[in-house]
1. Give the residues of the stretch B:130-171 that are at positive phi and buried (at least 16 other Cβ atoms within 10 Å of the Cβ), sorted by residue number.
2. Taking the stated definitions as given, is B:R381 of a type in the set (K, R), out of contact with any Lys or Arg (no Cβ under 9 Å at 6 or more places or on another chain) and assigned to a helix (DSSP H, G or I)?
3. Any residue in the stretch B:81-89 that is assigned to a loop (DSSP other than H, G, I, E, B) and either within 36 Å of the chain's Cα centre (by Cα) or without any contact (Cβ under 8 Å) to a residue 60 or more places away in the chain (or both)?
4. Got a sec? Which helices (runs of 4 or more DSSP H) wholly within the stretch B:665-750 have at least 1 residues that are over 29 Å from B:A224 (Cβ atoms), modelled with pLDDT of 90 or more and touching a Pro at 6+ places or on another chain (Cβ under 6 Å)?
5. How many residues does the stretch B:699-743 contain that are on the phi > 0 side of the Ramachandran plot and in contact (Cβ under 8 Å) with a residue 60 or more places away in the chain?
6. What is the one condition in (1) closer than 19 Å to B:A202 by Cα; (2) surrounded by fewer than 20 Cβ atoms within 10 Å (Cβ to Cβ) that B:D104 does not satisfy?
7. Among the candidates B:E90, B:E110, single out the residue that is at pLDDT 90 or above, away from chain A (no Cβ under 14 Å) and either in contact with a strand residue (DSSP E or B) (Cβ under 7 Å, 6 or more places away or on another chain) or more than 23 Å from A:I65 (Cβ to Cβ) (or both).
Amino acid sequence: MINNIKKLVKEFSLGELRGGMKITAKELVNKKITVQYPEEKTPISPRFRGLHALRRYPNGEERCIACKLCEAVCPANAITIESEARDDGTRRTTQYDIDLFKCIFCGFCEEACPVDAIVETQIFDYAFVDSREGSIIDKAHLLEVGDKNEKMINQTKLEDSKYR
Amino acid sequence: MADIEIEIDGNVVNAKAGEMLITVTDREGISVPRFCYHKKLSIAASCRMCLVDVEGAPKPQPACSTPIADGMKIHTQNEKAKASQKAVMEFLLINHPLDCPICDQGGECELQDVAMDYGSDVSRFTEGKRIVADSDIGALIQTDMTRCIHCTRCVRFGAEVAGIMEMGGTGRGEDLKIEPFLEEGIQSELSGNMIDVCPVGALTSKPFRYELRSWQMNAVSNIARHDLVGSNIYTQTYKGKVKRIVAKDNDSVNETWISDRDRFSYEGLAHENRLLAPQIKVEGTWKEVEWDVALDFATRGLANNVFNARQADKLGALASNTATLEEFHLLQKILREVGSENIDHRLNVKDLNNAISLESNIKLAGLEGVDHALVIGSNLRLEQPMINHRLRKANLSGTSIDVINAMAFDFNYQLNSENIISPNQIAATLAGVLKSVLQSAHAQIPAYLDDVEVTDVAVQLATQLSDSDNSVIILGEHVVNNPQALSIANLISQIAQNTNSTTLNVSASANSTAANLAGFVPGKGGLDANAMLAADLKAYILLDIYPQYDFHNSIQATETLSNDDTFVISLNSFKDDVVAGYSDVLLPIASFYETSGSHVNVEGLVQSFAAAVNAPSDAKPAWKVLKVLADLLELPGFHYADSTQVTSEVMHQSHKQHVHDESIDVKAKRGVNVIWQKSPYAVDVLSRHAASLQATKIGQINSASMNKATAKKLEVTQDGEYLGVPVVVSEAVANNCVFVNANHSTGGQS
């Protein structure tokens, strides 16, 4: 009985509405947390797993040695590698494709790599505008991503290294 | 040996006294880690990985070299055993590089596997690791000797199985190196097995280098068809291509070994020369067409040239010796259905009235049990490596071996006597042997032996055969075109009968036993291969034939087949200019490992196999092509769903054996005799296209050998050529004989 009366009073005095407006009024003067993407971006953890990249050594030699451990460990079978002995006798890939539609960004490839060649960068804003086949990125593309973002990759790996 | 009881890990196990402990644990399925122990090699006990704890022994004992005794109590898993195994593992890993990611053995490496169980996760070794320089040991084996753990399996393999000690250990301790003694590299015809026995990545396959990881491939059981043995193999495939071949165990056929020819010939499958699309020749130019168009063209051609004129006997079929049992059967069935008996596979025989027919009545494994062997006309080591291996094993346990050859070859065992006899004298010599055998048995001597002179050599050979309880006479390929081939074969069966010997006929090649089983020989009224080519037939069906290599007289054969009014249907797996020159239809067929079928080896063992991969592009298995061709010709009885139905049909039919000529001519002939022998790695079209095999020393054998007197008679010199083959003047060859080993196409031969 008492409860019903309380409820009636609250309803007729617009209690719910005033409560909501109170929050609106508070947020009106508070500091904004919205960012203006893509001009502004939120901070990303160094462990973020985005677009893949193949790295090089400082002397320009590609790191990948075609051991195919990433291909073996990939739970989504997203990686395809073909290898051969390069003219100088070293073991190298002739093909290194990642199908980004299949990839589940688990980061196992990075974990499996014995030479830190394949890494997942913080890049997440890529798109395949031309065709569905564009989802398969090849070795040249991966190396290009690596070359462009080596500084960022180095930085994030360094930040994360003390926890590993 | 008495049965005794021992206790392993608390379980009582029965075993024979004197057996090595590791044999017992292997039989019982108890795992003991090992590197240097290999069941087919001698015991080295050098790796110490198999240390186990034997109660009463102060120190752990190596299981591979500890003979068991009654009441022995062994612990393979207790603390003492584990601790010593882990300690050994740590020492082995001190100098082993951590390059598993780039090592071809990675994923199938015994060291990797054992290190997972016994290795420590952290190395305590902080000093520098040793590095060993590699040496180039040929086109087949890649070395990375830094990875070597000195198990010496390859050294023991060379010394004990291959019979040529090519690898060896030099230096001691830290400086111990396993390396070839000579700079020429490894030259054994069984060298590829070193790759299989190497427990680490020190010896790996060179053609396969860095291509794939072991876990990427599917292994399909298969049969190698290059020789008369039919070695059991695994074809390892990836994305529809054969990428590697390794041996499969079969103690009654090839044990654990295979020859290099069986192992590396697969490279030819990917050769650019493969025939990929059906082609028809219209007004002299080749046109690629669909299968139905080509087959229709073929059947119309047969109708125009043969059937419409009711001249079925003007149709002939010839097949290469590498075809499968099913292909032989279907092709002869087509011919016999349409009413032609012109069927043959014996293309390299000069005179088919003089063809050898000698039964083989010994099993391959049985060769190890003989106490004496007489080898006639064969370079067994290179021509039939696995048969030679059995004989070598027998020889090591005391079998005496006599050889009658036209040239001194490099045998990898001790010969009792090597008789270098001109081909013209072989029949006379064997007649002497027979006479001597009969004389010593006080048997009646037939009239044809009256004038035969019994030489010292003949007496010695005869005594050996008569004195042994279990001897074998092996007849080889070099006798095929001997002017007295038939007499030689008949003399051998006479000698065998009178000395209680068994015989082994290795004069044929590849799958020709299957051809005989399927009845792929001319029937009554039919023409044999030579007669067919002389008779100017109207149409031919040719199965995987390359005239320059396959025919005895390739120039004459090519000329006959090139006749304008002759219609030639060629089923080929590889392109060939000469074939294209005379054919009217070219049908691309599957090569080795791309078709299902059966191989029949020299002892008559039928081994069926499935296709490991699909044939490339438009090529189809020949048995299917022949079946469809038969359907288009509206022949009855060709309703097969798969090749096994063909196989069972062959096995249920019986072809009448030829009544063969028993005549014996023992007179020594005159004149120079040419033995024309394809080089060991040029015996079939697949090996000829395998680049790595061709790059080996054996692959490059190409010479016409003769002695000085013969060279003078033929007016050739050391720098010259004979029949298009470079001349080698050597006194290793018998008088009046030219021994040709050709690895390339040539013109005719005398």
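1. Initially, the stretch B:130-171 is screened for residues at positive phi, giving B:138, B:150, B:152, B:163, B:171.
Hits for the stretch B:130-171 are B:G138, B:H150, B:T152, B:G163.
2. Details: of a type in the set (K, R): yes; out of contact with any Lys or Arg (no Cβ under 9 Å at 6 or more places or on another chain): no; assigned to a helix (DSSP H, G or I): yes.
It is false that B:R381 is of a type in the set (K, R), out of contact with any Lys or Arg (no Cβ under 9 Å at 6 or more places or on another chain) and assigned to a helix (DSSP H, G or I).
3. Step one: filter the stretch B:81-89 for residues assigned to a loop (DSSP other than H, G, I, E, B), giving none.
Scanning the stretch B:81-89, I find no residue that is assigned to a loop (DSSP other than H, G, I, E, B) and either within 36 Å of the chain's Cα centre (by Cα) or without any contact (Cβ under 8 Å) to a residue 60 or more places away in the chain (or both), so the answer is no.
4. Working: elements: B:685-688, B:691-694, B:708-714.
Helices (runs of 4 or more DSSP H) meeting the threshold: none at all.
5. Within the stretch B:699-743, the subset on the phi > 0 side of the Ramachandran plot is B:715, B:723-724, B:736.
From the residues that got through so far, the ones that are in contact (Cβ under 8 Å) with a residue 60 or more places away in the chain too are B:736.
Number satisfying all stated conditions: 1.
6. So B:D104 meets the others, but not (2).
7. Numbers: B:E110 fails: either in contact with a strand residue (DSSP E or B) (Cβ under 7 Å, 6 or more places away or on another chain) or more than 23 Å from A:I65 (Cβ to Cβ) (or both).
That would be B:E90, the only listed residue that is at pLDDT 90 or above, away from chain A (no Cβ under 14 Å) and either in contact with a strand residue (DSSP E or B) (Cβ under 7 Å, 6 or more places away or on another chain) or more than 23 Å from A:I65 (Cβ to Cβ) (or both).
A quick yes/no check of all residues on (1) without any contact (Cβ under 8 Å) to a residue 40 or more places away in the chain; (2) surrounded by fewer than 17 Cβ atoms within 10 Å (Cβ to Cβ); (3) not small (G, A, S):
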residue	(1), (2), (3)
B:L629	no, no, yes
B:T647	no, no, yes
B:S654	yes, yes, no
B:W676	no, no, yes
B:A691	no, yes, no
B:K697	no, yes, yes
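The values are calculated or read from the model by the stated rules, or taken from the named source; none is laboratory data. The model shown is predicted, which means the values in this text are computed figures rather than measured ones. We place every Cβ from the backbone using ideal geometry, glycine too, and count neighbours over all the protein chains shown.
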